[in-house]
Amino acid sequence: MNKLFKILPALGMVLAATMAMAMNFADNPTERYAEDPAPGTEVWYDLTDITPGPSTYQCDEEVDQTCSHMDPNFSSSEVEEGEFIKNGSLPLATL
C-alpha cells in the first residue's frame, strides 16, 4: 500500500500532462479556400479535403501572405500562411 501512495504524485503528473496535450492542439478547420493567383481573376478554389502537393497546390511559406481562408472571401479567417501556388486542376468554390 505504501508503494501505491509513493507513486500517486507521478501518476497525477502523467495524467495532467496527457490532459494538457489533448486539449492544446491547434484548430484545423476542414474547409479551406484560395483565390486563383492569376491577376485580374476572381476565381476561388475549394481546397477542402485536398492534400497540398506537386499535383494540386502549395503554400510558399517564405512569402508573407494568406494562402487559404476559411470561406471564399478575403475577410474570412486565415487557415494557411504563404503564397498560394496552383499546380493542377482544383475544384471551384461555390459562392
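The values are calculated or read from the model by the stated rules, or taken from the named source; none is laboratory data. A quick note: this is a predicted structure, and the numbers were derived from the prediction, not measured. In this analysis, Cβ positions are derived from the backbone assuming ideal geometry, glycine residues included, and neighbour counts consider all displayed protein chains. The protein model used for the area step is the full one, side chains on, heavy atoms only, and it has no ligands, DNA or RNA in it. Shrake-Rupley method; radii C 1.70, N 1.55, O 1.52, S 1.80 Å.
For residue 46, what residues show an amide H to amide H distance below 5 Å, using hydrogens built from the backbone and excluding near sequence neighbours?
Placed amide hydrogens put 92, 93 under 5 Å from residue 46.
What are the residues whose amide H is under 5 Å from the amide H of residue 31, where those residues sit 5 or more places off or on another chain and H is modelled from the backbone?
none
Compute the long axis of helix 2-23 from its Cα atoms, compare it with the longest principal axis of the Cα atoms of the chain, and write down the angle in degrees, 0 to 90, nearest 10.
10 degrees
Taking amide H positions as placed in the peptide plane 1.01 Å from N, state which residues far from residue 68 in sequence (5 or more) or on other chains have amide H under 5 Å from it.
Under 5 Å from the amide H of residue 68: 79, 80.
Quick check: convex hull over the Cα atoms of the chain, volume per residue in Å³, rounded to an integer?
Per residue, the Cα convex hull of the chain comes to 156 Å³.
If packing is taken as the average number of other Cβ atoms within 10 Å across a peptide's residues, how do 37-46, 76-85 rank, most packed first?
76-85, 37-46
Only helical DSSP H runs with n ≥ 4 go in: add -39500 (n - 2.57) per run for the chain, normalise by residue count and round the 222 nm mean residue ellipticity to 500 deg cm²/dmol.
The per-residue figure over the chain is -8000 deg cm²/dmol.
Taking only protein heavy atoms into account and a 1.4 Å probe, give the accessible area per residue of the chain in Å².
Per-residue value: 74 Å².
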